[in-house]
Amino acid sequence: MTQPRNSDYVQSLERGLSVIRAFDEDHREMALSDVARATGLTRAAARRFLLTLVKLGYVHFDDGRFSLRPRVLELGFAYLSSLTLPEVAQPHLEKLVAQVNESSSISVLDDTEVVYVVRVPTRRIMSITLAVGTRLPAYATSMGRVLLANLPEEELEERLARVEFKPLTKRTVKDATALRKVLAGVRKQGYALTDQELEEGLRSVAVPIRDSSGDVVAALNVSVHASRATVPALRGEFLPHAQAAAAAIDAELRSAGVRTRP
């Protein structure tokens, strides 16, 4: 998405960050031409940014290939270390996982995606590895729907206008009209449940987490493989535990007077 530009906008910083973001699970190492293609930069510009990042210690260069170095984690840690929520939520998530013997996560909304900020896994149930920092499309996830449903109407519409709906599975919600109907249900019932919309075989239920001001700032989920729990079981057996964990986190955030901003 093209960002609005004015005298305060530093385009070189935008381009430098785009180079870092070009690396992901499927592109751990890239040649100069790969980075240029992924970012839309010229080879000359991509080379300048990459060599600067190499000098700063964020990128490694060897035999014509570039890759991120561990120092890049500092950029994300600065955010996580300033966020009280993970510290408060971690023990509650561990207790929840011990009760249900399924994985649980907490995420926040970043534009049209959810970003995982806490995760306690039990076993792998998706084709991708989920971890703190993982980003997924909000429209296809239970946590994303909880967070979208609690946005002000105008803000929700602005984001929906920019969502590119993809048929991730045959069950995935198809467009903004269908998603609006789903979100209305989420607001009414206070939770979201997805049945194999993000990935075949994955079911998930999510509930909101509120800060001391009562604002929904994150969502908590329990995810299961479809072979281990039906939709009624997810709603009847797992949802109450998730709600109890979220309530405990809410209470602790209130008692500490914490206002958590995603």
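The values are calculated or read from the model by the stated rules, or taken from the named source; none is laboratory data. Nothing here was measured: the structure is a model prediction, and the numbers come from that model. Every residue, glycine as well, gets a Cβ built from its backbone with ideal geometry; the counts of neighbours run over all protein chains shown. Protein only, heavy atoms only, side chains kept; ligands, DNA and RNA dropped before computing areas. Shrake-Rupley method; radii C 1.70, N 1.55, O 1.52, S 1.80 Å.
A few remarks follow.
- Test: residue in the stretch 188-202 that is touching a Gly at 6+ places or on another chain (Cβ under 6 Å), over 22 Å from Pro91 (Cα atoms) and surrounded by 15 or more Cβ atoms within 10 Å (Cβ to Cβ): no
- Residue ID - modelled with the lowest pLDDT, chosen from residues in the stretch 52-86 that are surrounded by 13 or more Cβ atoms within 10 Å (Cβ to Cβ) and more than 24 Å from Val19 (Cα to Cα): Leu83
- Residue within the stretch 148-170 that is without any contact (Cβ under 8 Å) to a residue 60 or more places away in the chain and farther than 23 Å from Gly185 by Cα present: no
- Selection status of Val216, aliphatic (A, V, I, L, M), more than 22 Å from Leu93 (Cβ to Cβ) and open to solvent by 10 Å² or more (accessible area, probe 1.4 Å): no
- Glu157 being within 12 Å of the chain's Cα centre (by Cα) and either of a type in the set (D, E, K, R) or open to solvent by 30 Å² or more (accessible area, probe 1.4 Å) (or both): no
- Flag if Arg47 is of a type outside the set (Phe, Trp, Tyr), surrounded by 13 or more Cβ atoms within 10 Å (Cβ to Cβ) and at pLDDT below 95: no
- Only one of the numbered conditions (1) within 13 Å of the chain's Cα centre (by Cα); (2) at pLDDT 95 or above is not met by Met30, and that is (1).
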